[in-house]
1. Would you pick out the residues in the stretch 80-105 that are aliphatic (A, V, I, L, M) and surrounded by fewer than 17 Cβ atoms within 10 Å (Cβ to Cβ)?
2. Kindly indicate the residue of the stretch 1-25 that is at pLDDT below 90 and not small (Gly, Ala, Ser) and also nearest to residue 93 (Cα to Cα) among those meeting that condition.
3. Residues in the stretch 81-89: is at least one in a loop (DSSP other than H, G, I, E, B), at pLDDT 90 or above and within 14 Å of the chain's Cα centre (by Cα)?
4. Looking only at residues that are outside any strand (DSSP E or B) and closer than 30 Å to residue 85 by Cα in the stretch 26-67, which one is modelled with the lowest pLDDT?
Amino acid sequence: MTSSSYSPLARQVDFVFRQLEPELTHAPAGTVLIHIRNNTVGKYGIRHNPIELKSSSPSPKGLSADQVKEFRQMAVDALKHKSNWTHGEILYDFSVRQGSASSWSASMACESNYNMASSHFRYEPKHPSIWDRTVSEE
């Protein structure tokens, strides 16, 4: 699938991963965060999760260039699971497994957000509260 056949959001996610590649190649674990508003990427970044800070062994390196490419493709393909919402967050967790340079894992979580302030209706209660009644009603 060529990048020209992707949806606009998929092209933006592809762009995000290309921008974050230098960080991904130095992070052994973390979460790529993508905030979406009106089906458009608003802000993005990486929350780094160092696996071990006290270990005497050297900490694992980040993803390789090939792994970043696989991760980017997985992120774009995973957008198929996002449906019927235009505002929210997509979180891609990843980690490089110690002991094997070629072993890594990733997962995706979607979160939709809604805001009552942007709704186009006015709430009108079915039963007015007692202090809303006039004196003539009593």
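1. 91, 101
2. In this case the residue turns out to be 6.
3. yes
4. Here the residue is 49.
The values are calculated or read from the model by the stated rules, or taken from the named source; none is laboratory data. As the structure is a prediction and not an experimental result, all values here were calculated from the model. Virtual Cβ from ideal backbone geometry, glycine too; neighbours counted across all protein chains shown.
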